[in-house]
1. State which residue is surrounded by the fewest Cβ atoms within 10 Å (Cβ to Cβ) when the search covers only the range 1-18 and only residues that are in contact (Cβ under 8 Å) with a residue 12 or more places away in the chain and in a loop (DSSP other than H, G, I, E, B).
2. Quick test of your reading of the structure: VAL94 fulfils all but one of (1) modelled with pLDDT of 95 or more; (2) in a loop (DSSP other than H, G, I, E, B); (3) closer than 12 Å to ARG10 by Cα. Name the failing condition by number.
3. May I ask you to verify whether GLY80 is surrounded by 18 or more Cβ atoms within 10 Å (Cβ to Cβ) and more than 16 Å from GLY40 (Cα to Cα)?
4. Of the residues that sit in the range 54-92 and are of a type in the set (Val, Ile, Thr) and in contact with a strand residue (DSSP E or B) (Cβ under 9 Å, 6 or more places away or on another chain), which one is farthest from LEU28 (Cα to Cα)?
5. Looking at the range 24-57, which of its residues are open to solvent by 20 Å² or more (accessible area, probe 1.4 Å) and under 19 Å from HIS90 (Cα atoms)?
6. Looking at the range 19-50 only, could you name the residues that are hydrophobic (A, V, I, L, M, F, W, C) and without any contact (Cβ under 8 Å) to a residue 24 or more places away in the chain?
Amino acid sequence: REDVRLLDVREDDEWEAGHAADAEHVRLGDLDVSAFAGPGTVVVTCRSGNRSRKAAAALVGAGVDAVNLDGGMKAWAEAGQPLIRDDGTHGTVV
């Protein structure tokens, strides 16, 4: 949906191993909540859901409509959703 942004807050090596095709990458330590102000929902993910839970809470605290992707990218992959690398090849969750 156009009103949903997928935000991946994993570290660079995790992102490079595989990510959702339309995700945006901002490491948790570099998250600037003001960059996500505006309409729509931000779905936040990491490997298992722990870091993304913190990021989603920070976003919500700043007034952003944000939710945590329960189970993170591990659950994404287990559900059969595609993972890609930046070069377009098949990715994995590390």
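The values are calculated or read from the model by the stated rules, or taken from the named source; none is laboratory data. Here the structure is a predicted model, which is why all the values come from computation and not from measurement. Quick reminder, even Gly has a Cβ in these numbers, built from the backbone with ideal geometry, and neighbours come from all protein chains shown. For accessibility, only protein heavy atoms count, side chains too; no ligands or nucleic acids. Shrake-Rupley method; radii C 1.70, N 1.55, O 1.52, S 1.80 Å.
1. GLU2
2. For VAL94, the exception is condition (1).
3. Judged against the criteria, GLY80 is not a match.
4. Out of the qualifying residues, it is ILE84.
5. GLU24, HIS25, ARG47
6. ALA23, VAL26, ALA35
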